[in-house]
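The values are calculated or read from the model by the stated rules, or taken from the named source; none is laboratory data. Owing to the predicted nature of the structure, the values given are computational and were not obtained by experimental measurement. Cβ coordinates were reconstructed from backbone atoms using ideal geometry, including for glycine residues, and neighbour counts include every protein chain displayed.
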Amino acid sequence: MNIDDGATHEINSRWPVHKQRNCGMMWDWYGVGFFKKMVSGIQLVRDHHAALKSAGETEWSMPPELTSLLDSLAAGDS
């Protein structure tokens with residue numbers, strides 16, 4: 001998977017687009033904790049995407065630690 005599609009999948013699989021949009025309209029729609037975790041997780045994916053891109057990578061990959069951290073941020077936020 002290319003890095004753009006990979007980053008999009010990592011975000012949308014944890015925080016669906018409708019929840020991102022709802023938080024965009026009313027940031028505390030799902031509670032402050034959800035919002036903070038979602039924004040933090042999205043930023044972590046964006047930072048990793050930028051690191052891969054600057055290293056010249058074309059395929060998406062993630063270290064297990066980052067996967068685990070993102071999973072923990074998304075846990076219980078359904």
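Any idea how many residues of the range 14-27 are part of a helix (DSSP H, G or I) and under 8 Å from the mean Cα position of the chain (by Cα)?
Summing the residues that are part of a helix (DSSP H, G or I) and under 8 Å from the mean Cα position of the chain (by Cα) in the range 14-27 gives 1.
Could you list all residues from the range 60-78 that are modelled with pLDDT under 95 and surrounded by 13 or more Cβ atoms within 10 Å (Cβ to Cβ)?
Result: Asp77, single match.
When the range 34-48 is examined, which residues are found to be aliphatic (A, V, I, L, M) and farther than 11 Å from Ala74 by Cα?
If the condition is that a residue be aliphatic (A, V, I, L, M) and farther than 11 Å from Ala74 by Cα, then Leu44, Val45 are the ones that fit.
I need every pair where a residue in the range 27-54 that is among the basic types (Lys, Arg) has its Cβ under 8 Å from the Cβ of a residue that is surrounded by 11 or more Cβ atoms within 10 Å (Cβ to Cβ) and part of a helix (DSSP H, G or I), sequence separation at least 6 or different chains.
Correct list of pairs: Lys37/Leu73; Lys37/Ala74; Arg46/Ala7; Lys53/Ile3.
Could you list, in sequence order, the residues of the range 28-50 that are more than 14 Å from the chain's Cα centre (by Cα), surrounded by 11 or more Cβ atoms within 10 Å (Cβ to Cβ) and assigned to a helix (DSSP H, G or I)?
Gly33
Looking for whichever is touching a Leu at 6+ places or on another chain (Cβ under 7 Å) and β-branched (Val, Ile, Thr) here; the options are Ile3, Ile11. Which one fits?
It is Ile3.
Need the failing condition index for Lys19 against (1) among the charged types (D, E, K, R); (2) touching a residue at least 12 places away in the same chain (Cβ under 8 Å); (3) surrounded by fewer than 11 Cβ atoms within 10 Å (Cβ to Cβ), just the number.
Going through the list (1) among the charged types (D, E, K, R); (2) touching a residue at least 12 places away in the same chain (Cβ under 8 Å); (3) surrounded by fewer than 11 Cβ atoms within 10 Å (Cβ to Cβ), Lys19 breaks only (3).
Going by what's in this entry, would Leu73 be described as in a helix (DSSP H, G or I) and touching a Lys or Arg at 6+ places or on another chain (Cβ under 6 Å)?
Answer is yes for this residue.
Only one of Glu10, Glu57 is part of a loop (DSSP other than H, G, I, E, B), surrounded by 13 or more Cβ atoms within 10 Å (Cβ to Cβ) and touching a residue at least 24 places away in the same chain (Cβ under 8 Å); which?
Glu57
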